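Student: Please read through the structure below; I'll follow up with questions.
The values are calculated or read from the model by the stated rules, or taken from the named source; none is laboratory data. Every value quoted in this text rests on a predicted model; they were computed, and no experiment measured them. Ideal geometry is used to build each Cβ from the backbone, glycine not excepted, and the neighbour counts take in all protein chains shown. The accessibility values were calculated without ligands, DNA or RNA, using every heavy atom of the protein model including side chains. Shrake-Rupley method; radii C 1.70, N 1.55, O 1.52, S 1.80 Å.
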Amino acid sequence: MLNLSFSSQSQMIEFTVDCFSDSYKYQIHLFLLFLIIYVNIILGNITVFTCITLDSHLHTPMYIFLGCLSIVDILSTSNIFPKFLSMLLTQRKTITFNGCMTQLYFFIYFTCTEFFLLAVMAYDRYVAICHPLHYVTLMSKKHCTWFLVGTWLAAALEPILHTVFIVNLSYSSSLEVNHFFCDISPLLKLSCNDTIHVEIATYVLGAIVGLSAFTLTLSSYVFIINTILSIKSADGRQKAFFTCASHLTSVIIFYGTSLSLHVKPTKTYEPTQDKIFSLLYIILIPVLNPFIYTVKNEQFKEAFRRLGRNAKRE
């Protein structure tokens with residue numbers, strides 16, 4: 001048993017991350033597969049962010065929030081994938097105690113940020129559809145700035161408590177993390193402490209963040225759907241629904257994968273299943289978001305074409 005102070009643990013403990021397979025042959029195949037996925041995530045989201053940043057026609061709240069979402073997707077995957085890919089390629093599957101805690105903190109941080117950001121985007125769609133005449137006032141640059149600052153700052157608070165709980169646990173002599181990154185459940189399984197109080201605190205904190213964001217998102221869509229149904233024109237209903245269809249799709253995927261990953265007790269933790277759900281959670285939204293928000297968005301596609309024409313002239 002390792003029952004050390006935080007300073008001692010940070011210097012002495014080194015975790016071994018199991019990843020997916022002990023066979024080097026399969027590790028190379030997995031490396032190539034996940035490298036392609038990671039590159040697509042980075043390129044897709046950088047393209048969205050760059051287009052929104054450089055084209056003044058997209059400097060509206062909806063696209064500003066989308067650009068911020070692209071940054072969150074880039075950072076959240078970059079928190080995990082470079083280390084994961086390095087482990088697959090080199091077969092050196094170790095991570096320091098400090099590195100593990102840092103990865104855990106930012107994993108929770110970016111998850112909370114996405115919860116809040118999707119809620120803010122839902123509110124933006126609510127104002128646009130339910131109060132279009134007041135949209136410019138309610139979603140002014142000042143208000144958008146406060147929404148974004150509040151989102152990033154509020155999201156930074158919860159992972160501090162989670163990380164403090166994990167840091168202060170004592171660990172057994174076996175330090176093999178049966179996962180491909182440092183997450184709460186596999187780390188709790190390594191502890192020789194009674195972790196029930198940590199589990200309860202984790203669920204309570206997660207519920208506060210998740211339910212507050214979900215409540216704002218759900219209530220926004222209740223009003224949105226009610227307003228859309230009251231529109232007499234079929235074309236009007238279709239146009240109103242189209243303005244929030246992409247975001248609603250993203251919300252459904254995000255909450256679906258999030259619930260499948262997080263809403264379960266640690267005692268029922270099943271490593272293989274958890275790795276699969278974690279992969280879906282980490283990969284699915286960052287891969288799909290650039291397509292969900294842009295493929296049928298004529299305004300974005302026109303902005304992309306303008307940037308292409310400007311680049312050719314230069």
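Student: Keeping the other protein chains in place, figure out the carbon and sulfur percent of the accessible area of region 73-177, with a 1.4 Å probe.
Tutor: Numbers: 3110 of 4460 Å².
Percent of accessible area from carbon and sulfur atoms in region 73-177: 70.
Student: Non-local amide H neighbours of Tyr171 (under 5 Å, H modeled in plane, Pro and chain starts lacking H): which ones?
Tutor: So Tyr171 has HN proximity to Leu2, Leu4, Cys192.
Student: Separate question: Pull out a ≥ b ≥ c, the square roots of the eigenvalues of the alpha-carbon gyration tensor of region 102-193, then state rounded if a/c is under 1.5, prolate if not and a/b is larger than b/c, and oblate in the remaining case.
Tutor: Judged from the Cα gyration tensor, region 102-193 comes out prolate (a/c at least 1.5, a/b above b/c).
Student: Which cysteines in the chain lack any other cysteine whose Cβ sits under 4.7 Å from their own Cβ?
Tutor: Lacking a cysteine Cβ partner under 4.7 Å: Cys19, Cys51, Cys68, Cys112, Cys130, Cys144, Cys192, Cys244.
Student: Related question: Give me, ordered by chain and number, the residues 5 or more places off Val177 or on other chains with an amide H under 5 Å from its own placed amide H.
Tutor: Those lying under 5 Å, H to H, from Val177 are Thr16, Val17, Asp18.
Student: What shape does the chain have by the C-alpha gyration tensor, where a ≥ b ≥ c are the square roots of the eigenvalues, rounded means a/c under 1.5, and otherwise prolate means a/b greater than b/c and oblate the rest?
Tutor: Numbers: a/c = 2.29, a/b = 1.64, b/c = 1.39.
It comes out prolate by the Cα gyration axes.
Student: For the residue pair Leu35 and Thr16, what label-to-label distance in nm results when each label sits 7 Å from Cα along the Cα-to-beta-carbon direction?
Tutor: With each label point 7 Å from Cα toward Cβ, the separation is 2.6 nm.
Student: Which net charge results when you count Lys and Arg as +1 and Asp and Glu as -1 among the other residues whose beta-carbon is under 15 Å from that of Leu284? Don't skip to the end; give the middle numbers.
Tutor: Numbers: positive: Lys275; negative: Asp73, Glu114.
For residues surrounding Leu284, the net value is -1.
Student: Let me ask something else about it. Whole-Hz Karplus ³J(HN,Hα) for region 102-110, in order, using 6.51 cos²θ - 1.76 cosθ + 1.60 and θ = phi - 60°, x for Gly and Pro?
Tutor: The phi angles translate into 5, 4, 4, 4, 6, 4, 5, 4, 5 Hz.
Student: To the nearest 0.05, how large is the calculated FRET efficiency for Thr249 and Val164 if R₀ is 45 Å and r is the Cβ-Cβ distance?
Tutor: Efficiency computed from Cβ-Cβ geometry: 0.80.
Student: A further question follows. Between their Cα atoms, which of Lys239/Lys296; Lys83/Lys275; Lys25/Lys189 are more than 19 Å away from each other? All intermediate terms of the calculation are to be shown ahead of the outcome.
Tutor: Details: Lys239/Lys296 13 Å; Lys83/Lys275 16 Å; Lys25/Lys189 29 Å.
Violating the 19 Å limit, Cα to Cα: Lys25/Lys189.
Student: Applying the Karplus parametrisation 6.51 cos²θ - 1.76 cosθ + 1.60 with θ = phi - 60° to the phi angles of region 196-211, what ³J(HN,Hα) value in whole Hz is obtained for each residue in order, glycine and proline being reported as x?
Tutor: Per-residue couplings from phi come out as 4, 5, 5, 4, 4, 4, 4, 5, 5, 5, x, 5, 4, 5, x, 5 Hz.
Student: Send over a whole-number figure in Å² for the accessible area per residue of the chain, probe 1.4 Å.
Tutor: Numbers: 15810 Å² over 314 residues.
With all protein chains present, the chain gives 50 Å² per residue.
Student: Mind listing the phi-derived Karplus ³J(HN,Hα) values for region 239-253, rounded to whole Hz, using 6.51, -1.76 and 1.60 with θ = phi - 60°, and x for any glycine or proline?
Tutor: Values per residue, Gly and Pro as x: 5, 5, 5, 4, 5, 10, 4, 5, 5, 4, 4, 4, 5, 4, 5 Hz.
Student: In addition: For region 27-104 and region 199-252, compute the distance between their C-alpha centroids and round to whole Å.
Tutor: 26
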